[in-house]
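The next block holds one structure in the form of structure tokens; read it before the comments.
The values are calculated or read from the model by the stated rules, or taken from the named source; none is laboratory data. On a predicted model such as this, the values are computed, not experimentally measured, just so you know. We place every Cβ from the backbone using ideal geometry, glycine too, and count neighbours over all the protein chains shown.
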Amino acid sequence: MINLSVAALFAGACLALTLTPGPDMLLIASRSISQGRASGFVSLAGIQAGTYCHAFAAALGLSQLLINVPAAYDAVRFAGAAYLAFLAWKAFNATASALQADATLASTPLPSIFKQGVITNLLNPKMALFVLSLFPQFVDPAKGSIVAQMLVFATILNFIGLLVNGSVILLASKIGITLAANARIAKRLNQVLGAVFVGLACRMALVSGR
């Protein structure tokens, strides 16, 4: 379906982009530090599930709406900022408790963390525009289903992201488990996570990127 040379070139582009620190990496690292390795990987899984949704939407042409209708773009952008602000409020008001050495205790249940990752990714219009601008450059209608090709490229992007962000998660979680040995520091980690959400909300609301 997709030539290996094309897949390799796309993977190289994804690697370059993934290695550049951005909001997703910052969010995943902060979640790993504050709540442990499992939370970091679940957050990453949610973000990557959102990537598949963006790829499918782009294949169907839905992402063109964000380009052609400024009001739609802004509506999604402000909805995303509001959601991130809500997550910040929850983090600031979380009841902190000391984390066990295995990081199994977390102030936010893993299903909720996954959902947060999905929603945060879906409400980020820049992710939709990124998929729409990069993926079509490698799609060849003569190679078969465009939807299938887009999902394959999303899988390559997610695999590269797993390698890079997985390393970040493992490092950050080790730091977090050491720091979160007592409730006072655990509370500070929640506050750091809340500050990250505030920063991401402001970035999404104030920088349109259009």
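Since R188 meets every condition but one in (1) modelled with pLDDT of 75 or more; (2) farther than 30 Å from N68 by Cβ, which condition does it not meet?
(1) is the only condition that R188 fails.
For the structure I just gave you, tell me whether G22 is surrounded by fewer than 21 Cβ atoms within 10 Å (Cβ to Cβ) and modelled with pLDDT of 85 or more.
no
Among the listed residues S97, S63, which satisfies the condition of being surrounded by fewer than 18 Cβ atoms within 10 Å (Cβ to Cβ), modelled with pLDDT under 75 and among the small types (G, A, S)?
Exactly one of S97, S63 is surrounded by fewer than 18 Cβ atoms within 10 Å (Cβ to Cβ), modelled with pLDDT under 75 and among the small types (G, A, S), namely S97.
Here are the criteria: (1) within 15 Å of S34 (Cα to Cα); (2) among the acidic types (D, E); (3) at pLDDT 75 or above. Tell me which single one D140 does not satisfy.
Only one criterion is unmet by D140, namely (1).
Among the residues of region 28-50, are any under 17 Å from the mean Cα position of the chain (by Cα), outside any helix (DSSP H, G or I) and either at pLDDT below 80 or among the small types (G, A, S) (or both)?
yes
Does T108 qualify as being of a type in the set (V, I, T) and more than 21 Å from L4 (Cα to Cα)?
yes
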